[in-house]
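These notes are about the structure you will find just below.
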Amino acid sequence: MKQTFVSVVIPIFNEEENIPALWERLAAVLKAAFPDPGRDWEVIFTDDGSRDHSLELLKVIAEGEPRVSVVEFNRNYGQHAAIFGAFGIVSGEVIVTLDADLQNPPEEIPKLVAKIDEGYDVVGGWRQGRMDHDSPFRTLPSKLVNAVTRKTTGVKMHDYGCMLRAYRREIVDAMLQCKERSSFIPALANSFAKRIAEVPVAHAERAAGTSKYGFLRLINLQFDLLTSFSLLPLQMLTLLGVFIALLGFGLFLGLVVYRFVNPAGTVGGVFTLFAILFFFVGCQFIAFGLLGEYIGRIYQEVRDRPRFVVKRIHKQL
Ligand code: UDP
Ligand code: MG
């Protein structure tokens, strides 16, 4: 039986401490699972503008192994851009993405590929025991991201954040056609897939270095998800507006009735009025903010700047 050609894609940003162990384990897994000496697998690293020695280490690996290529970005464009950069040159029928920090064990790759062979288009890893390893500062926002993503994309997956994933070639090709700047790969892939599966995968602590996602970056990712995959927030705005207007109208009616029932009484409630006013003003600002977020993104899209710049591709001829 002919083996499936598997491409493994790994974004790298300042991961010099992790690269040697990563490559050792990855190569062992791939050589064992796909023993044919032919080109049945390849690994594509994207160096996402690392400022440490990651690029040199990767180049050495590529010099020693013809099945490894390195896409060098001219600066840092972010994890998802890095993955896209590698997607641009993959030649496999199945594409597996993986984080470099060894949080996603490379040993799980054959499991994902087997699932694709069963006929699924996208197979996501579902991290087991994650909450024991990552700090609450990292897991709480992720839980939120997962919940919102499930709602906005309508695809029920337990773990959208896990980058240990496998895609069929058609899905990657479809994603490459998407010209938008902000794309969250797991959600984007699901929007093109018919059959989606999830397999439980082990999850380890980051082997070395620190997470590249601070709080602001996570917020940005959340907005990406919200605005690029649904118009739900805008629809919610309208609903909220209707609700508030009804509330205001009800209050008005109440006051009129009160006047008739009790003509002598005065409504002593300047403060109540302030409370209501602040509530409305708050809602308005939220609404403006959301609108602004969409408009800002439209502006970015229409400029249509390249999402990343590939400086060189390092590969044996
Ligand atoms: N990464 C990248 N560019 C970035 C940030 C991260 O290529 O701007 C890579 C990073 O090297 C790692 C993966 O994306 O391979 C996931 O990053 P990290 O482990 O920091 O994220 P977390 O596990 O905290 O979600
Ligand atoms: Mg990580």
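Scanning region 206-224 for residues that are part of a helix (DSSP H, G or I) and within 13 Å of ligand 2 (Cβ to nearest atom), which turns out surrounded by the most Cβ atoms within 10 Å (Cβ to Cβ)?
Leu218
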Report task. Scan region 59-68 and give yes if some residue there is open to solvent by less than 40 Å² (accessible area, probe 1.4 Å), within 14 Å of ligand 1 (Cβ to nearest atom) and not charged (D, E, K, R), otherwise no. Result -> no
Query raised in the report: So which of Glu107, Glu93, Glu56 ends up being more than 9 Å from ligand 1 (Cβ to nearest atom), touching a Ser or Thr at 6+ places or on another chain (Cβ under 7 Å) and open to solvent by 40 Å² or more (accessible area, probe 1.4 Å)?
Result: Glu93
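Would you check which residues across region 118-137 are outside any loop (DSSP other than H, G, I, E, B), open to solvent by 50 Å² or more (accessible area, probe 1.4 Å) and out of contact with any helix residue (DSSP H, G or I) (no Cβ under 7 Å at 6 or more places or on another chain) and list them?
Within region 118-137, Trp126, Asp132, His133, Pro136, Phe137 meet the criteria.
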Query raised in the report: Would region 203-215 turn up any residue that is closer than 18 Å to Gly78 by Cα and in contact with a Lys or Arg (Cβ under 9 Å, 6 or more places away or on another chain)?
Result: yes
Report task. Kindly list, by first and then second residue, each pair from a residue in region 300-317 that is under 26 Å from Glu56 (Cβ atoms) to a residue that is assigned to a loop (DSSP other than H, G, I, E, B), limited to pairs with Cβ atoms under 7 Å and residues at least 6 apart or on different chains. Result -> Arg307/Tyr77; Arg307/Arg181; Phe308/Tyr77; Val309/Asn74; Lys311/Asn74; Ile313/Ile89; Gln316/Pro66
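Which one is farthest from ligand 1 (Cβ to nearest atom), of the residues in region 159-205 that are within 16 Å of Glu107 (Cα to Cα), part of a loop (DSSP other than H, G, I, E, B) and open to solvent by less than 50 Å² (accessible area, probe 1.4 Å)? Lay out the reasoning, then the answer.
First, the residues of region 159-205 that are within 16 Å of Glu107 (Cα to Cα): 162-166, 199-205.
Then drop every residue that is not part of a loop (DSSP other than H, G, I, E, B), which leaves 162-164, 202-205.
Among the residues that remain, those that are also open to solvent by less than 50 Å² (accessible area, probe 1.4 Å) are: 162-164, 202-204.
Details: Cys162: 9, Met163: 6, Leu164: 11, Ala202: 14, His203: 10, Ala204: 11 Å.
This residue is Ala202.
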Report task. Determine the pairs where a residue that is touching a residue at least 40 places away in the same chain (Cβ under 8 Å), located within region 194-208, has a partner that is open to solvent by 60 Å² or more (accessible area, probe 1.4 Å) and more than 16 Å from ligand 1 (Cβ to nearest atom) with Cβ atoms under 6 Å apart, the partner being 6 or more residues away or on another chain. Result -> Val199/Lys111
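Of the residues Phe243, Phe274, only one is in a helix (DSSP H, G or I), farther than 30 Å from Leu188 by Cα and either at pLDDT below 85 or not aromatic (Phe, Trp, Tyr) (or both); which?
Only one candidate passes the filter, namely Phe274.
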Report task. Name the one entry in Gly282, Gly289, Gly268 that is at pLDDT below 80, surrounded by fewer than 13 Cβ atoms within 10 Å (Cβ to Cβ) and out of contact with any helix residue (DSSP H, G or I) (no Cβ under 9 Å at 6 or more places or on another chain). Result -> Gly268
Query raised in the report: Quick one: Ala86 ticks every box in (1) modelled with pLDDT of 95 or more; (2) in contact with a Phe, Trp or Tyr (Cβ under 7 Å, 6 or more places away or on another chain); (3) more than 16 Å from ligand 2 (Cβ to nearest atom); (4) within 22 Å of Asn220 (Cβ to Cβ) bar one, so which box is it?
Result: (2)
Query - Filter result for the condition that a residue is among the polar types (S, T, N, Q) and surrounded by fewer than 15 Cβ atoms within 10 Å (Cβ to Cβ), over Thr227, Thr238 - result: Thr238
Query raised in the report: When only residues in region 89-117 that are among the charged types (D, E, K, R) and touching a helix residue (DSSP H, G or I) at 6+ places or on another chain (Cβ under 7 Å) count, which is nearest to ligand 2 (Cβ to nearest atom)?
Result: Glu107
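The values are calculated or read from the model by the stated rules, or taken from the named source; none is laboratory data. Keep in mind the model is a prediction, meaning the values are calculated, not measured. No Cβ is skipped: glycine too gets one built from the backbone with ideal geometry, and neighbour counts run over all protein chains shown. In case anyone asks, the SASA skips ligands and DNA or RNA and just uses the protein heavy atoms, side chains included. Shrake-Rupley method; radii C 1.70, N 1.55, O 1.52, S 1.80 Å.
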